[in-house]
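Scroll down for the structure; my scribbles are underneath it.
The values are calculated or read from the model by the stated rules, or taken from the named source; none is laboratory data. Just so it is clear, the structure is predicted and the values come from calculations on it, not from any experiment. All Cβ positions, glycine included, derive from the backbone under ideal geometry; neighbour counts span all protein chains shown.
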Amino acid sequence: MLLELKGITKKYGDFTANDHIDFSLNKQEIHAIVGENGAGKTTLMRMLYGMEKPTSGEIVIAGKSKTIDNPNDAIALGIGMVHQHFMLFPPFTIAENVVFHHEPRKSWRYDRKKAAEEVSQLAKKFGMNIDPLQIVGDAPVGIQQRVEILKVLYQGADVIILDEPTAVLTPLEVKDLLASLRELVKMGKSIILITHKLNEVMAVSDRVTVLRDGKVTGTLETRETNPEELSRLMVGRELKNNPLPEKVKGKEVLSIKNVSMTDKDSGKSLLENISFQVQQGEIVGIAGVSGNGQSELIQAITGLASVQNGSVTLNGTELTNQSVKQIREAGLAHIPEDRYLWGAAKEASLVDNMMMTDYVKQEFQKSGVLKLKNIRKYVTDSIKKFNVKTTSIDTSAQFLSGGNLQKLIAAREIQKNTPFLLAAEPTRGVDIGAMEFIHEQLIEKRNNGDAVLLISSELSEILALSDRVLVMYEGKIAGEFERNEASEEKLSILMAGGRNE
Amino acid sequence: MNKLKTNATLFIQPILAVIVGLLVGTIAIMLSGESVAVTYQEMWKGAFGNLYFLTNTLERAIPIILAGLGVAFAFRAGFFNLGAEGQLVMGAVTTAIITVSLPFQGLLNMIISIVAGMLIAGLYSFFAGWMEQRFQINLLISTLLLNYIAVLFAGYLVSEPFRDTSSAGGVPQTVMVDQASRLPKLITGMNLHYGFVIAIILAIVIAFIMKRTTFGYEVKMLGQNVFFAQYGGINRKKTMFISLLISGMLAGLAGSVEVLGMHYRFIEGALSNPQFAWTGLMAALLANSNPVGTTIVAIFLAALDTGSLGVERNTDVPNSISGIIQAVLILFISAKFSFEFLKQRKKEGK
Amino acid sequence: MESLFDLSLINSTLRMMAPLLLAGLGGAICSRVGVFNVGLDGLMLMGAFLGIAANAYTNNVWLAILIAIIGTTIFSALYGYMMIDLQANMIVTGIAMNFLSIGMTTFALRTIFDVQGAYYNNEMQGLPVWEIPVIDSIPLVGNLLSGQSPIVYLGIVCTILMYIFFKKSVAGSHFDAVGINPTAAKSQGIKVRRIQYLAVLISGILCALAGAQLSLGQVTMFSENMTAGRGFIALVATMLGQSNPIGVFLSSGLFGFTEAISIRLQGLNVPTNFTLMLPYVITILAMFIFKDKNQLSALKNSAGSSR
């Protein structure tokens, strides 16, 4: 046994993030940890890496009990971590990032030449193809992840923790990564893989530990289990299946014609000749790895950025490059892709957050003076209807959990009863309960005869909800499928830049 | 979160800050070798001792309240307008020049000269906003630099073209304002003038705008999260310009009423040396840009000022003690963000 | 106009720019580690006062500068504590520190020296003027560069040292890393707090020297609020110089030059107020031309946290 966690508990105030967790890792093993968002996977690994301290429990490494106070201790014990959000310095070169804090030096001077040589050799040894002098900020995400792994290897880690490493990768890059992990194990490393994607677990791991609500619900040999069992252990119950009733064809609501957008500073093309329509009573899904133009498309439709070419029409009104206000008045509602950046003001009250764009309505204001009584009643009712858990409507939004805030945003946008709803990443990072609820609301809106455009990087979400699926790749529409033709395999190929056969 | 608890934490912080501020003041008094009890007694007397001192304190609070409201308004919209001093001086010098240049006197003269002062001050602030919007020139720095330019420019105006040449030598100043065009006193024989009424009314009006109007909502949301505001269709440019215009106009009004109600002329340095604008900024910071809070804190800070003038008259402790206490107050209040920050981090930790 | 532009103008430019350069370097090292130092002005004022006060007591200008450095560094530690440990808003704290500095120095001026406005003492020795032996003997250049206070030369040395520090040293790369992504630096075992404190303390030392140049180098006196916003101009120099030591040198050179010119203009028939305005106007104009994107985003971050 290389490493063992015994009865690890972590409490934040009254909240127990980890409850008596037992976990072990053998040499040259890939041990996956799976669980829903908030199950306590990341917290557990942060303790192993010295970024948090356990409230109680013991960490045993090579048979000896150890305390790990900070990442330096972890590194000294041969534990390295690749974080979900990359811990890189974009203006630095790849070599500088890899050797960071372990730089080769001549007395006080930084020996950058030696750093580049060492990194180049290390990459070769583990079969990775990188240019040590490339600026990390210019490198693609897949390469940036290699840099993270190289960094851990350079520090001499024998145990590598990877936290949701595939969230930002294209299916092709995922395949490469999983192969690399196997390679690393062959060369003597041991890996802890944190993920919530069960196919990856099945493909690469030796053992798997399932967490739910901070507790271990099972540790299994991968070859003796199956995705269904793991999923049951993760969620604790069978998932609801929302069937889509037959689509009633309606008239066209949103129409995008030949829309192009280029970056003003670099002249790089962001959107190229995008055309599609969304009709009444259908959900059109746009699949794609994030960063392939979805954000720009959202901004083009909602008026947050201007396009150079093409036209956007909503309900027959030409709205290309109009203001957000005009577009919203023409019938747009919009669940934004990042709820904290675009979707809410963290410090403002739930009332203020709920009233955005509605505050100008006749029922809520008269010649510029707000009708607070009506507003408070409306907000109270909506919160009840959409099941947002809060103690008061005057609480500031930052105290809501991610799922509850997302429900608030959904309540705000869906209740506008607009003919068109743009839902971008509507369930990113929310718990299963909130996800099911929001999905039901989207389907209900569709069934009421409104048009919904769903943009999501989560394939399962796209496949579950969409009547039609478009795939975006590098700012272009790479393909289109009817609901019955779409499959995970077909979409994956297009998302990675492959051809539609 | 429980509302009672929120309110309690809301009050504990400022009260603690005042205690710490006075403690630091105590140390300073001890260092200067005076009796602490006597000094604070003198401070109280200087601020509220009798009707004269009380009205004096309230008079001193007028420009601080108005400048503070101006700064608070811009803060609410998310803009760090550090240019209140320049705007105040521009407003004051404009009013002083217009009122003596108009061919008629009386109420109309008063209104025209005040409005002109506010307008120039508002445009001065607007200009900084325009530079930020159009050329990404940082507002914090530009408003700051514009202060020096405004003070020097006003100084030029009163020392050259508009100088009162009847009184030879001395500090450069404009010609006296006609009796009929002055803001009347609230109580005869006391310094307090109608500017105080204007300031209080405006504080209430602004509180109403912020809390109860759609425009106030837009300003607030823009200040809380620019992206959220844009996402909701709030016109960032328009809201920013209007807020900065209003912010500058309020600071300008602070200067105008001082000229028409107190000094009856523009005297070089009379408005910038007492740091009215900066004290107003502190009031806004301490009250977290709440209009009514800003007014109350402004009166408190004015009392510290007049109180320490009293201290200086009657003891060996210099009046800069009020500056020290005020700065410590802000330092302590600004640490408030940290407590909130910690709470938030714990929440996110799960 | 021959009296306006001549070679000795370079000499007075060097003298005028020295405080801006030193404080600007202080601002630069802070901004490189992600701290937006709005308190430069207050730190400078503290240094200027302590320099004069210590000089009056010790009668030794070197000891005075040492005391100014120690005192100002302690003051900057308080500033750092507010920003780094208490996470107080950087702009608000900076402004408050400036007020505190004005209040404390004015208060001390009254209680210690019992004067109002300015303290001046004929017997007090200011900083000596150094004639650098080798440079002095070179014709022309000798006149241009020699004959400055030691702090002016120190400013140039500091520029070069800081340039090498960031360009060549391992520690410099760690400083940069903290400024670029503190979370990442921390996760790799860098002591972010320590580095940020170090930067703030170093800015304290540099501002103390800048202040000492004002009160002991250019003149030998202290007057209330004698920095007159130079700390803010230094901050602009930091921004224009993109927090790069060479850039800060050039931009503070621009302001030093403007200041030197404006002093000369006073001899001509231009109203004094306009000549005094010149550095501020030039600063605004300079901001139209140069923009420091890093600094701007650091500023946006710090402003954002206040909302």
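Remarks
- Those strands (runs of 3 or more DSSP E) lying entirely in region A:444-501 with at least 3 residues out of contact with any Gly (no Cβ under 8 Å at 6 or more places or on another chain): A:476-482
- Among the residues of region A:356-372, the one identified as more than 7 Å from chain B (Cβ to nearest Cβ) and either buried (at least 23 other Cβ atoms within 10 Å of the Cβ) or at positive phi (or both) is A:S367.
- Residue satisfying condition, being within 12 Å of chain B (Cβ to nearest Cβ) and over 28 Å from the mean Cα position of the chain (by Cα), within set A:A305, A:A330: A:A330
- Residue match in region B:175-183 (condition: touching a helix residue (DSSP H, G or I) at 6+ places or on another chain (Cβ under 8 Å), within 14 Å of chain C (Cβ to nearest Cβ) and either in a helix (DSSP H, G or I) or of a type outside the set (K, R) (or both)): no
- Taken residue by residue, region B:191-209 has at least one member that is part of a helix (DSSP H, G or I) and at the interface with chain A (Cβ under 10 Å from one of its Cβ atoms).
- Within region A:48-73, residues that are more than 14 Å from every other protein chain (Cβ to nearest Cβ) reach partners that are polar (S, T, N, Q) with beta carbons closer than 6 Å, at six or more positions or on different chains, in the pairs A:S56/A:T9; A:G57/A:T9; A:E58/A:S65.
- Residues of region C:162-179 classified as more than 12 Å from chain A (Cβ to nearest Cβ) and surrounded by fewer than 20 Cβ atoms within 10 Å (Cβ to Cβ), total: 1
Listed here are the residues, each with its yes/no results for (1) assigned to a strand (DSSP E or B); (2) hydroxyl-bearing (S, T, Y); (3) not assigned by the TED database to the domain that holds A:V452.
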residue	(1), (2), (3)
A:T313	yes, yes, no
A:N321	no, no, no
A:D352	no, no, yes
A:Y359	no, yes, yes
A:Q362	no, no, yes
A:S382	no, yes, yes
A:V388	no, no, yes
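- Boolean, B:E34 is among the acidic types (D, E) and part of a helix (DSSP H, G or I): no
- Taking the conditions (1) in contact (Cβ under 8 Å) with a residue 12 or more places away in the chain; (2) within 12 Å of another protein chain (Cβ to nearest Cβ); (3) in a helix (DSSP H, G or I); (4) surrounded by fewer than 18 Cβ atoms within 10 Å (Cβ to Cβ) in turn, C:N225 satisfies each one other than (3).
- Any chance A:T16 is more than 15 Å from A:T219 (Cα to Cα), surrounded by fewer than 20 Cβ atoms within 10 Å (Cβ to Cβ), among the β-branched types (V, I, T) and more than 10 Å from every other protein chain (Cβ to nearest Cβ): no
- Lone unmet requirement of (1) assigned to a helix (DSSP H, G or I); (2) more than 20 Å from A:I161 (Cβ to Cβ) for A:V201: (2)
- Only one of B:F73, B:F80 that is more than 13 Å from every other protein chain (Cβ to nearest Cβ) and in contact with a helix residue (DSSP H, G or I) (Cβ under 6 Å, 6 or more places away or on another chain): B:F73
- Single residue of region A:75-96 satisfying the filter (within 12 Å of A:V152 (Cβ to Cβ) and at the interface with chain C (Cβ under 9 Å from one of its Cβ atoms)) that is surrounded by the most Cβ atoms within 10 Å (Cβ to Cβ): A:M81
- Hits in region C:260-293 (condition: away from chain B (no Cβ under 13 Å) and either closer than 30 Å to B:S289 by Cβ or modelled with pLDDT of 80 or more (or both)): C:A260, C:I261, C:I263, C:R264, C:L265
- Tally of residues being facing chain A (nearest Cβ under 8 Å), within 25 Å of the chain's Cα centre (by Cα) and free of Cβ contacts under 8 Å to residues at least 24 places away in the same chain across region B:217-238: 2
- Within region C:180-194, the set of residues being surrounded by fewer than 23 Cβ atoms within 10 Å (Cβ to Cβ) and either in a helix (DSSP H, G or I) or away from every other protein chain (no Cβ under 12 Å) (or both) comprises C:I180, C:P182, C:T183, C:A184, C:K186, C:S187, C:V192, C:R193, C:R194.
- For B:G233, the criteria (1) at pLDDT below 95; (2) at negative phi; (3) in contact with a Gly (Cβ under 9 Å, 6 or more places away or on another chain) hold in every case but one, which is (2).
Listed here are the residues, each with its yes/no results for (1) among the hydrophobic types (A, V, I, L, M, F, W, C); (2) surrounded by 20 or more Cβ atoms within 10 Å (Cβ to Cβ); (3) not in a helix (DSSP H, G or I).
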{"residue": "A:E229", "(1), (2), (3)": "no, no, no"}
{"residue": "A:L244", "(1), (2), (3)": "yes, no, yes"}
{"residue": "A:K249", "(1), (2), (3)": "no, no, yes"}
{"residue": "A:K257", "(1), (2), (3)": "no, no, yes"}
{"residue": "A:S260", "(1), (2), (3)": "no, no, yes"}
{"residue": "A:L271", "(1), (2), (3)": "yes, yes, yes"}
{"residue": "A:S275", "(1), (2), (3)": "no, no, yes"}
{"residue": "A:N292", "(1), (2), (3)": "no, yes, yes"}
{"residue": "A:A300", "(1), (2), (3)": "yes, yes, no"}
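- When region A:422-462 is filtered for residues that are among the aliphatic types (A, V, I, L, M) and modelled with pLDDT under 90, the ones remaining, listed by number, are A:V430, A:I432, A:A434, A:M435, A:L459.
- Some residue of region B:300-309 being buried (at least 24 other Cβ atoms within 10 Å of the Cβ), farther than 21 Å from B:G122 by Cα and within 14 Å of chain A (Cβ to nearest Cβ): no
- From the list A:P171, A:P165, A:P140, the one residue that fits, being buried (at least 21 other Cβ atoms within 10 Å of the Cβ), within 20 Å of the chain's Cα centre (by Cα) and closer than 29 Å to A:G288 by Cβ, is A:P165.
- Residue, farthest from the chain's Cα centre (by Cα), within region A:58-104, restricted to residues that are part of a helix (DSSP H, G or I) and of a type in the set (D, E): A:D73
- B:S320 being at pLDDT 85 or above and crowded, with 24+ Cβ neighbours inside 10 Å: no
- As for region A:321-336, it holds at least one residue that is under 16 Å from B:N225 (Cβ atoms), touching a residue at least 40 places away in the same chain (Cβ under 8 Å), buried (at least 16 other Cβ atoms within 10 Å of the Cβ) and of a type outside the set (V, I, T).
- Residue check, A:G7 in contact (Cβ under 8 Å) with a residue 40 or more places away in the chain and within 14 Å of another protein chain (Cβ to nearest Cβ): no
- The residue of region C:6-50 that is surrounded by the most Cβ atoms within 10 Å (Cβ to Cβ), among those that are in contact (Cβ under 8 Å) with a residue 40 or more places away in the chain and outside any helix (DSSP H, G or I), is C:G39.
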